[in-house]
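Note sheet for the following structure.
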Amino acid sequence: MDTDTFRQQAHVLVDWMADFVEEIESYPVKPNIAPDQIKKQLPQSPPEDAESFEIIFKDFVDIIMPGMTHWQHPNFFAYFPTGGSLPSVLAEMLISILAAQCMSWQTSPAATELETQVMSWLRDLIGLPKTFSGVIQDSASSASLCALLSARESSSDFQTNWHGMSQNSQSVKLTVYCSDQAHSSIDKAMAIAGFGRHNLRKIAVDDQLSMKVGELEKCIQADIANNCQPICVIATLGTTATGSMDNIMAISACCKRYKLWLHVDAAWAGNALIIPDYQYLLADVTAIDSLVFNPHKWLLTHVDCSAYFVKDEQILTKTLAIAPEYLKTVEADKVINYRDWSIPLGRRFRALKLWFVLRSFGIKNIQTIIANHIAWAKNLADNIQQHPDFEMMAPVSLSLCCFRYHPQGCDELSLLNQLNANLLNKLNDSGKIYLSHAKINEHYIIRFSVGAERTTEQHVKQAWQFIQDTAVTLNT
Ligand SMILES: *Cc1c(COP(=O)(O)O)cnc(C)c1O
């Protein structure tokens, strides 16, 4: 493609992008399509000869768009909405044209230094002490894996990296602790880091769905008595099912007593820490060794942008650094080489989008956006609570409401579960709103998560009305 064609097509795309944003509400949030429906429309093999951009773009509009779920739709309330905003789009455009590989300082000096700077801004904004250093990871899953690897290495004097787990005097099992509400990425990281999933202890939760720290301590003691070696506790701020919060203060005290690594998975809720009122959630930061949150979840920034903070950057780099000859650079001891801070070698220039977002919105506006989402969810929770046929199934947490439809007289668990699954499917198949579900103590619950940038209070209110109207059409 020559630059004249590029220029012309890019203008067409930008116009299409702006129209898309203006007309986004005319699209269904979730397409109502069958598996394979999109694939069937695609040829069996790639073209032998070049195709014009007009034809490719037409197929994008005709074939791909009807099969998209629209995460930027203001009526997207499923999972945790994913970040995005126009300044972040503009940054992504520049990131693409530079197509830089930001593995080392030398391969992208400005990207490295910008990353250091925006991560220290973020660290200060969420109330972590200046002793913490940050790095942008592709995902919270990778960050939590880095945390487990760091805990493993720092507990073995960095020897497991060389000798493998079997050298850890064979009979000693290394154990890790989280609540039974922790994210599945922790199970995955246990497997990948070589601890083994059976050695993840899932501690029961109290009626607020927060880890029972008394149980944690008992479990640690029992493991020690059984010749296991406790290594790490993973506390969750904002669990995925209901947004519940572990008590960092109490867990910290326990980690200090047993000298355990404390990793905080705050993938979604960590974004709210940029409002000082919520920083009490971190409470005692002195025992925290690492923390992750995803600006790509609630901070208006496109995926992938996961902020990982560590108290001691040396542990992270000693765990992950590998320096073959072809990666050595002359200024290595004077600069940061972020390839030593994460699992993949290759890194996109992710700091740019965070920089564009923080500057374009300004912190005050970002705080207001998040505070609004929280206020609207609180309001929704009040309405749900007051409704005779609906009930909240967990305390409202920041901008997440978990509820179910519970018409009077219909009390049997399996019936209620089926009824709510039917309700969710009917809501989602309408294309008007999109919600997701979870299960808590065998109860099927519907999650309503406010977080898309274009959502307004009106959207939340209309969605609630639509939920009520749809519920009464179900056969109970
Ligand atoms: C979303 C989420 C994750 C996973 O985040 P990725 O960036 O997709 O890996 C992990 N933990 C919690 C609590 C989450 O909400």
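Within region 237-254, being among the β-branched types (Val, Ile, Thr) and either more than 10 Å from the ligand (Cβ to nearest atom) or outside any loop (DSSP other than H, G, I, E, B) (or both) holds for 242, 248, 251.
Does residue 411 satisfy the condition of being loosely packed, with under 14 Cβ neighbours inside 10 Å, charged (D, E, K, R) and part of a helix (DSSP H, G or I)? Answer is no for this residue.
Taken over region 376-395, the criterion of being out of contact with any strand residue (DSSP E or B) (no Cβ under 8 Å at 6 or more places or on another chain), within 21 Å of residue 238 (Cα to Cα), free of Cβ contacts under 8 Å to residues at least 40 places away in the same chain and not acidic (Asp, Glu) is satisfied by 378 alone.
Might you check whether a residue that is within 16 Å of the ligand (Cβ to nearest atom), of a type outside the set (A, V, I, L, M) and either within 27 Å of residue 161 (Cβ to Cβ) or in contact (Cβ under 8 Å) with a residue 12 or more places away in the chain (or both) occurs anywhere in region 222-235? For region 222-235, residues within 16 Å of the ligand (Cβ to nearest atom), of a type outside the set (A, V, I, L, M) and either within 27 Å of residue 161 (Cβ to Cβ) or in contact (Cβ under 8 Å) with a residue 12 or more places away in the chain (or both): present. If you filter region 126-185 down to residues that are in contact with a helix residue (DSSP H, G or I) (Cβ under 7 Å, 6 or more places away or on another chain) and in a loop (DSSP other than H, G, I, E, B), you find that the one that is nearest to the ligand (Cβ to nearest atom) is 126.
May I ask you to say which residue of 8, 117, 37 is polar (S, T, N, Q) and within 30 Å of residue 328 (Cα to Cα)? Before the answer, list the steps.
Working: 8 fails: within 30 Å of residue 328 (Cα to Cα); 37 fails: within 30 Å of residue 328 (Cα to Cα).
Of 8, 117, 37, the one residue that is polar (S, T, N, Q) and within 30 Å of residue 328 (Cα to Cα) is 117.
Taken as a whole, the condition of being assigned to a loop (DSSP other than H, G, I, E, B) and not aliphatic (A, V, I, L, M) applies to residue 104. Flag not set for residue 251, criterion: surrounded by fewer than 20 Cβ atoms within 10 Å (Cβ to Cβ), of a type in the set (A, V, I, L, M) and within 30 Å of residue 448 (Cβ to Cβ).
How many residues are in a strand (DSSP E or B) and either surrounded by 23 or more Cβ atoms within 10 Å (Cβ to Cβ) or away from the ligand (no atom under 16 Å from the Cβ) (or both) when one looks only at region 186-217?
3
Among the residues in region 265-282, are any part of a helix (DSSP H, G or I), under 30 Å from residue 172 (Cβ atoms) and more than 16 Å from the ligand (Cβ to nearest atom)? Within region 265-282 (the criterion being part of a helix (DSSP H, G or I), under 30 Å from residue 172 (Cβ atoms) and more than 16 Å from the ligand (Cβ to nearest atom)), the answer is no, since none of the residues qualifies. Number of residues in region 288-313 that are more than 15 Å from the ligand (Cβ to nearest atom) and either in a loop (DSSP other than H, G, I, E, B) or surrounded by fewer than 23 Cβ atoms within 10 Å (Cβ to Cβ) (or both) equals 6.
Laboratory data are not the source of any read-out in this text; all were calculated from the coordinates shown. Keep in mind the model is a prediction, meaning the values are calculated, not measured. Don't worry about glycine lacking a Cβ; one is built from the backbone with ideal geometry, like all the others, and counts go over all protein chains shown.
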